[in-house]
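The values are calculated or read from the model by the stated rules, or taken from the named source; none is laboratory data. Here the structure is a predicted model, which is why all the values come from computation and not from measurement. Methodologically, a virtual Cβ is constructed for each residue, glycine included, from the backbone with ideal geometry; neighbour enumeration extends over all protein chains shown. Remember, those area values only see protein heavy atoms, side chains included, never the ligands or the DNA or RNA. Shrake-Rupley method; radii C 1.70, N 1.55, O 1.52, S 1.80 Å.
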Amino acid sequence: MTGKVAVLFVCMGNICRSPTAEGVFRQRVEAAGMADWIEIDSAGTHGYHVGEQPDPRSMEFALKRGYDLSYQRSRKVKASDFELFDHVLAMDQHNLSLLEAACPAEHRHKLGLFMQHARRSGALEVPDPYYGGGRGFDLVLDYIEDASDGLLDLLRSAQR
C-alpha cells in the first residue's frame, strides 16, 4: 500500500463512542509502529456538542485503561470527509444510514460499521452508553478494543 490511510470513526454526538474509538485505535496504531501512515479522526452525525471534550464518563473509563481522550474536541461530519477518508466507520446502523444518505455515490464504498472488524464480541453495533451507567462505558471499551484489533490487522495486511 502506498500513501497514508485515513480512518474516521462516527457516532451521533462525537462525545462517547467515536472519540473512544479514535483514542483506542490511535494507541493501537502507535504501539504497532504504524502512526506514520494511518491518520485517525472522529466526528458526529449531529452537531450537538461541537467543540466540546468527550463525555467526562468516556474520558474517565478510557483513562482507567490507559487511553487519554482529553485532547479531542467534538466535530460534525463534513461533506469533505467522504473524500478525505478511506474508511468511514459508524458505531451503529442508525448513524451508518445517516452517513449513507449524505455520502456521494462515488464514496459509499468507504462506509461501514466499525464492529464488522470485531472478532470476539459478536456484536454488530457499539451501543450508546450516554444514558446508562459505568457498565455501559466499560462495554463500549470492550467492543472498541476488539474492533480496533481487527481493523489494525486488516490495515496491516493491506500494507504488505
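Residues in the range 125-160 that are at pLDDT 95 or above, over 13 Å from the mean Cα position of the chain (by Cα), under 24 Å from VAL5 (Cβ atoms) and hydrophobic (A, V, I, L, M, F, W, C): LEU154, LEU155.
Candidates are the residues of the range 71-92 that are open to solvent by 80 Å² or more (accessible area, probe 1.4 Å) and either in contact with a Leu (Cβ under 8 Å, 6 or more places away or on another chain) or in a helix (DSSP H, G or I) (or both); the one that is farthest from GLN27 (Cα to Cα) is GLU83. Restricting to the range 95-118, count the residues that are over 15 Å from the mean Cα position of the chain (by Cα), in a helix (DSSP H, G or I) and not acidic (Asp, Glu). Here the count works out to 8.
So which residues in the range 115-135 are of a type in the set (Gly, Ala, Ser) and buried (at least 17 other Cβ atoms within 10 Å of the Cβ), if there are any at all?
Taking the range 115-135 and keeping what is of a type in the set (Gly, Ala, Ser), we get 118, 121-123, 132-134.
Selection gives ALA118 alone.
Screening the candidates THR45, THR20 for the property of being over 19 Å from ASP138 (Cβ atoms), surrounded by 16 or more Cβ atoms within 10 Å (Cβ to Cβ), in contact with a helix residue (DSSP H, G or I) (Cβ under 9 Å, 6 or more places away or on another chain) and not acidic (Asp, Glu) yields one hit, THR45. Total residues in the range 6-43 satisfying the condition of being among the aromatic types (Phe, Trp, Tyr) and under 8 Å from the mean Cα position of the chain (by Cα): the figure is 2. Scanning the range 93-110 for residues that are within 19 Å of VAL126 (Cβ to Cβ) and open to solvent by 30 Å² or more (accessible area, probe 1.4 Å) yields GLN93, HIS94, SER97, LEU98, GLU100. Of everything in the range 51-66 that's touching a residue at least 60 places away in the same chain (Cβ under 8 Å) and either among the β-branched types (Val, Ile, Thr) or surrounded by 21 or more Cβ atoms within 10 Å (Cβ to Cβ) (or both), which residue is farthest from VAL10 (Cα to Cα)? Looking at the filtered set, the residue picked out is PHE61. I'm told GLU30 meets every condition in (1) over 25 Å from ALA79 (Cα atoms); (2) open to solvent by less than 10 Å² (accessible area, probe 1.4 Å) except one. Can you identify the failing condition by its number? For GLU30, the exception is condition (2). Condition first: outside any helix (DSSP H, G or I) and of a type in the set (Phe, Trp, Tyr). Now tell me which residues in the range 23-70 satisfy that. Across the range 23-70, the qualifying residues are TRP37, TYR48, TYR67.
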